[in-house]
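This report concerns only the one structure given below.
The values are calculated or read from the model by the stated rules, or taken from the named source; none is laboratory data. If you're wondering where the values come from, they're calculated on a predicted model, not measured in any experiment. Note that we place each Cβ from the backbone using ideal geometry, even for glycine, and neighbour counts take in every protein chain shown.
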Number of protein chains: 2
Amino acid sequence: MRNKIVVQKYGGTSIGDVDKLKLIAKKVVEKKSEGFSPVVVVSAMGKTTDQLVEMSEKVIFNETEPDLREKDTLLSTGELVSATLLAMSIKSLGQDVISLSGPQAGIFTDQIHGSARISDINTERMMNEINKNKILIIAGFQGINTEGDITTLGRGGSDTTAVALAAALRADVCEIFTDVEGIYTTDPRVVSTARKIDYINYEDMLEMAVLGAKMHPRSIELASVYNVPVYVAGTFSETKGTLIVKGENMENNKTVTGIAIDKNVSKITVKKIKNVPGTAASILKPLSDRSISIDVIVQNIPMDGYIDFSFSVSDDDLQRAYEILMDQKNLDFEEIIKGKGFAKISLVGTGMQNAPGYATEMFNALGKKEINIEMITTSEIRITCLINEKDVNVAVNALHSTFELDKE
Amino acid sequence: MRNKIVVQKYGGTSIGDVDKLKLIAKKVVEKKSEGFSPVVVVSAMGKTTDQLVEMSEKVIFNETEPDLREKDTLLSTGELVSATLLAMSIKSLGQDVISLSGPQAGIFTDQIHGSARISDINTERMMNEINKNKILIIAGFQGINTEGDITTLGRGGSDTTAVALAAALRADVCEIFTDVEGIYTTDPRVVSTARKIDYINYEDMLEMAVLGAKMHPRSIELASVYNVPVYVAGTFSETKGTLIVKGENMENNKTVTGIAIDKNVSKITVKKIKNVPGTAASILKPLSDRSISIDVIVQNIPMDGYIDFSFSVSDDDLQRAYEILMDQKNLDFEEIIKGKGFAKISLVGTGMQNAPGYATEMFNALGKKEINIEMITTSEIRITCLINEKDVNVAVNALHSTFELDKE
């Protein structure tokens, strides 16, 4: 019988230099000796990607952007370097091992350079090598399109590679090793009593994705669709990490799972705009056309046929969003108010959907601390409040203890 | 009618940094504007390859060698980086351009990792892109084998890529741009009157390959077989370079073309070994089995059934060669004498083969300067003397003027 396949992903600062690669080599060999077939996905070492991006900007004439097709091949070299070095290191420990680039691993994508999506994985070569009892090292973040050109998967690319391979190879589990030890109830730098969670379901993890483990929502989505258990843990830590699984496997039946924090949020309010069908779209479409992400959206109750329309954007996009809106000749409004220095705090938990009262309890807790709530949105499993950034620490600590997240 | 294809190769320090890449971008665009279809082969930037080799040595446990398959993929990233950066730079000048890796360019090789030989070039994709009027940037030094694995071509790899592409694409000429301005009659640092040669034939160039232009003999051989004219010139120089062509095109009918100098040579003499069939092989095979290159070989006239057997190796190999020979239990000799500090000087010229007396003239010229000749070998178009390294300057200057190489 064949060994069980386990996909491991190493990234972040945990593969920052040659010495760390050697530690990872030993860790992989250990997994093999425990009777598993390891398939290891690596991202680029340390600051490699940033350095390549910088070179691509310097080599350009005029004020153009680097060509995306060329940039993808350029960036893909970072993962090739770490994959081949890790394979050499493991080989020198006397193990059978082979590194595969995205194309060699059969990872096919669409044509969108810079943020390609995986369209298909041909596992033939990988399965051949696994059946020869080899350890596989896969260059993350990359694939090949139907033109035979290298593509990269964009943000969270290597996590996505790992989860997709785990699904395609029917691996038992996808282990994501990184520089944090797992998923926490909230940011441990903000709340000293923040607790590492042993189990979390896909839905909650999606909402928490911006937290601690920094996994990209996209890879969580993929894991959820293919029902791949994802284990997040510290690369060089002996501490137990967090297992992300389907809801029914949960030991934790708390209704609130954690509190997500998102800083650097700005707010734009379009004052007194006529409330006709299509008003929201006429405001938001010019922004999404320019790739500006809009997040929390609130529109007040119409007064005399007019509304105030507010939404949040990231600090980085504020000025551009403002200018784009001021340029819209067809929009008829009184004024546009813009403001920086906000933060979003979100209560997350699949358990909340059938248990009312959480929103009220959240607002009460914030009110007691005299924290002003600027905007509110809710989904089935999340309540988000926009507050002043300076209030984040007090607010999150209050909520963490109100919902007893510090207790097992 | 299609534009004429010209293959250009840029390497060495001439692509040492981003600023130099930008200068090359302009040079390529200029060639395009003159009505050519440029196919540009690049090597890795500056010290990139050395740095990658260093990392591969550091990541290894025990005293093993890095796995050659993995090392090939690792090293191939250096050329991918320079190729994509150059393509981006040219693109930002408003030109249609595409970079291709060795595999994308259809360069197939045998299985020998680290020193693969090109077995076939499928020009389909390259011709498609050329027909779309695109400038092609090709990552040199690399190909793909029938396993779908990356191979590298070893020393002189990018020159070989350039010549092979010129042959496969039926290019008008293969232009090799580097940090010297062409081929000289001898090393200009040794002889102040050394002259740049306008034309040289393949045979002479093969012998001279170690000189000035530092082209690898292998690429010259390939150029000769496919009759590809090779133009060697300085990357950022306006001075005319050297054209390497078939013999009949030569303007220069001098018999001696140039003097090659090779320093760091050591000499080993096996004293008083029995002269039976297979003696030479029994001495040399253990060395070639360990990849030690033997060069000049001399064996004296047998005396009482015994001979002295001498040969030259590079300084770096001397100690190892000595130890290997001392370890050969089946060799029966009196002693082994080893010595460092020699140099080879070679008179090169296809014209010499039908004109006797050059050897005598060479020995006379050296004798007049009281230079001792340690060993001699000759081929049809070359006479090589092993002398003391301290005598090189005097010897080469004497020969350069004896054979009137300083005169047009």
**OP:** Check off (1) touching a Leu at 6+ places or on another chain (Cβ under 6 Å); (2) closer than 17 Å to B:K9 by Cα for B:A166 and give me the number that stays unchecked.
**Re:** (1)
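Scanning the stretch A:61-70 for residues that are more than 7 Å from every other protein chain (Cβ to nearest Cβ) and not aliphatic (A, V, I, L, M), which turns out surrounded by the fewest Cβ atoms within 10 Å (Cβ to Cβ)?
Residues of the stretch A:61-70 that are more than 7 Å from every other protein chain (Cβ to nearest Cβ), as a first pass: A:63, A:65, A:68-69.
Filter once more, so that each one left must be not aliphatic (A, V, I, L, M): A:63, A:65, A:69.
Values: A:E63: 6, A:E65: 12, A:R69: 22.
Checked the stretch A:61-70; the qualifying residue surrounded by the fewest Cβ atoms within 10 Å (Cβ to Cβ) is A:E63.
Within the group A:Q104, A:Q111, A:Q95, which residue is more than 21 Å from B:A139 (Cβ to Cβ), modelled with pLDDT of 95 or more and either among the β-branched types (V, I, T) or in a loop (DSSP other than H, G, I, E, B) (or both)? Show your work before the answer.
Values: A:Q104 fails: more than 21 Å from B:A139 (Cβ to Cβ); A:Q111 fails: modelled with pLDDT of 95 or more.
Result of the check over A:Q104, A:Q111, A:Q95: A:Q95.
Pick from B:T350, B:T384, B:T402: which is within 30 Å of B:G247 (Cα to Cα) and out of contact with any strand residue (DSSP E or B) (no Cβ under 9 Å at 6 or more places or on another chain)? Break it down stepwise before answering.
On the way: B:T350 fails: out of contact with any strand residue (DSSP E or B) (no Cβ under 9 Å at 6 or more places or on another chain); B:T384 fails: out of contact with any strand residue (DSSP E or B) (no Cβ under 9 Å at 6 or more places or on another chain).
Sole residue among the options that is within 30 Å of B:G247 (Cα to Cα) and out of contact with any strand residue (DSSP E or B) (no Cβ under 9 Å at 6 or more places or on another chain): B:T402.
Across the stretch A:25-48, which residue is farthest from B:V59 (Cα to Cα) among those that are of a type in the set (S, T, Y) and in contact (Cβ under 8 Å) with a residue 24 or more places away in the chain? Reasoning before the result, please.
In the first step, residues of the stretch A:25-48 are kept if they are of a type in the set (S, T, Y); the result is A:33, A:37, A:43, A:48.
When the remaining residues are screened for being in contact (Cβ under 8 Å) with a residue 24 or more places away in the chain, the result is A:37, A:43, A:48.
Working: A:S37: 22, A:S43: 17, A:T48: 17 Å.
Applying the filter and picking the extreme gives A:S37.
Going by the structure shown, is B:M45 closer than 22 Å to A:T73 by Cβ and within 22 Å of the chain's Cα centre (by Cα)?
Numbers: closer than 22 Å to A:T73 by Cβ: yes; within 22 Å of the chain's Cα centre (by Cα): yes.
Taking the combined requirement at face value, the residue satisfies it.
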**OP:** Counting only residues that are on the phi > 0 side of the Ramachandran plot, give me the strands (runs of 3 or more DSSP E) lying completely in the stretch B:314-408 with at least 3 of them.
**Re:** none
Original post:
When you go through (1) in contact with a Pro (Cβ under 9 Å, 6 or more places away or on another chain); (2) touching a residue at least 24 places away in the same chain (Cβ under 8 Å); (3) crowded, with 24+ Cβ neighbours inside 10 Å; (4) of a type in the set (A, V, I, L, M, F, W, C) one by one for A:A83, which number turns out not to apply?
Top reply: (1)
Subject >> Candidates A:M215, A:M205, A:M127 - the one that is assigned to a loop (DSSP other than H, G, I, E, B), in contact (Cβ under 8 Å) with a residue 24 or more places away in the chain and of a type in the set (A, V, I, L, M, F, W, C) >> reply: A:M215
Subject >> Filtered residues of the stretch B:268-310 (kept if charged (D, E, K, R) and either buried (at least 16 other Cβ atoms within 10 Å of the Cβ) or not in a helix (DSSP H, G or I) (or both)) >> reply: B:K271, B:K272, B:K274, B:R290, B:D295, B:D304, B:D308
Subject >> Pair list, Cβ under 8 Å, 6 or more apart: the stretch A:289-307 residue over 16 Å from A:S379 (Cα atoms), other residue part of a loop (DSSP other than H, G, I, E, B) and aliphatic (A, V, I, L, M) >> reply: A:I307/A:I301
**OP:** Give the stretch A:1-22 a look and list any residue that's under 23 Å from B:N62 (Cα atoms) and over 26 Å from the mean Cα position of the chain (by Cα), or say none.
**Re:** A:V18, A:D19, A:K22
Original post:
Of the residues B:V6, B:V42, which single one is closer than 20 Å to B:G143 by Cα and modelled with pLDDT of 95 or more?
Top reply: B:V42
**OP:** Quick one: B:S37 ticks every box in (1) polar (S, T, N, Q); (2) under 28 Å from the mean Cα position of the chain (by Cα); (3) within 11 Å of chain A (Cβ to nearest Cβ) except a single one, so which number is it?
**Re:** (3)
**OP:** Could you tell me whether the stretch A:221-242 includes any residue that is over 28 Å from A:Q111 (Cβ atoms) and free of Cβ contacts under 8 Å to residues at least 12 places away in the same chain?
**Re:** yes
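Within the stretch B:58-71, is there a residue that is more than 30 Å from A:G94 (Cβ to Cβ) and of a type in the set (D, E, K, R)?
no
Is at least one residue of the stretch A:45-60 within 23 Å of B:D149 (Cα to Cα) and either assigned by TED's automatic domain parsing to the domain that holds A:S219 or outside any helix (DSSP H, G or I) (or both)?
Scanning the stretch A:45-60, I find at least one residue that is within 23 Å of B:D149 (Cα to Cα) and either assigned by TED's automatic domain parsing to the domain that holds A:S219 or outside any helix (DSSP H, G or I) (or both), so the answer is yes.
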Original post:
In the stretch A:1-34, what residues are within 14 Å of chain B (Cβ to nearest Cβ), surrounded by fewer than 20 Cβ atoms within 10 Å (Cβ to Cβ), in a helix (DSSP H, G or I) and not charged (D, E, K, R)?
Top reply: A:V18, A:L23, A:V29
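From the set of residues in the stretch A:115-124 that are out of contact with any Leu (no Cβ under 8 Å at 6 or more places or on another chain) and either assigned to a strand (DSSP E or B) or on the phi > 0 side of the Ramachandran plot (or both), which is nearest to the other protein chains (Cβ to nearest Cβ)?
Here is the first cut: in the stretch A:115-124, the ones out of contact with any Leu (no Cβ under 8 Å at 6 or more places or on another chain) are A:119-120, A:122, A:124.
Add one more test, that the residue is either assigned to a strand (DSSP E or B) or on the phi > 0 side of the Ramachandran plot (or both), and what stays is A:119-120.
Working: A:S119: 20, A:D120: 17 Å.
Out of the qualifying residues, it is A:D120.
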**OP:** Quick one: in the stretch B:203-232, of everything that is surrounded by fewer than 21 Cβ atoms within 10 Å (Cβ to Cβ) and touching a strand residue (DSSP E or B) at 6+ places or on another chain (Cβ under 8 Å), which residue is modelled with the lowest pLDDT?
**Re:** B:V210
Original post:
How many residues does the stretch B:341-387 hold that are touching a Leu at 6+ places or on another chain (Cβ under 6 Å) and not aliphatic (A, V, I, L, M)?
Top reply: 3
Subject >> Filter result (away from chain A (no Cβ under 14 Å) and within 24 Å of A:E70 (Cβ to Cβ)) within the stretch B:142-158 >> reply: B:G143, B:L153, B:G157, B:S158
**OP:** Restricting attention to the stretch A:72-114, report how many residues are more than 25 Å from A:K27 (Cβ to Cβ) and facing chain B (nearest Cβ under 7 Å).
**Re:** 2
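Being surrounded by fewer than 22 Cβ atoms within 10 Å (Cβ to Cβ) and more than 8 Å from chain B (Cβ to nearest Cβ) is the filter here, so list the residues in the stretch A:44-60 that pass it. Even if it seems obvious, please write down each step before you answer.
Keep residues of the stretch A:44-60 that are surrounded by fewer than 22 Cβ atoms within 10 Å (Cβ to Cβ), which gives A:46-55, A:57-58, A:60.
If the condition is that a residue be surrounded by fewer than 22 Cβ atoms within 10 Å (Cβ to Cβ) and more than 8 Å from chain B (Cβ to nearest Cβ), then A:G46, A:K47, A:T48, A:T49, A:D50, A:Q51, A:V53, A:E54, A:E57 are the ones that fit.
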**OP:** With respect to A:A83, determine if the residue is closer than 30 Å to B:V18 by Cα and modelled with pLDDT of 95 or more.
**Re:** yes
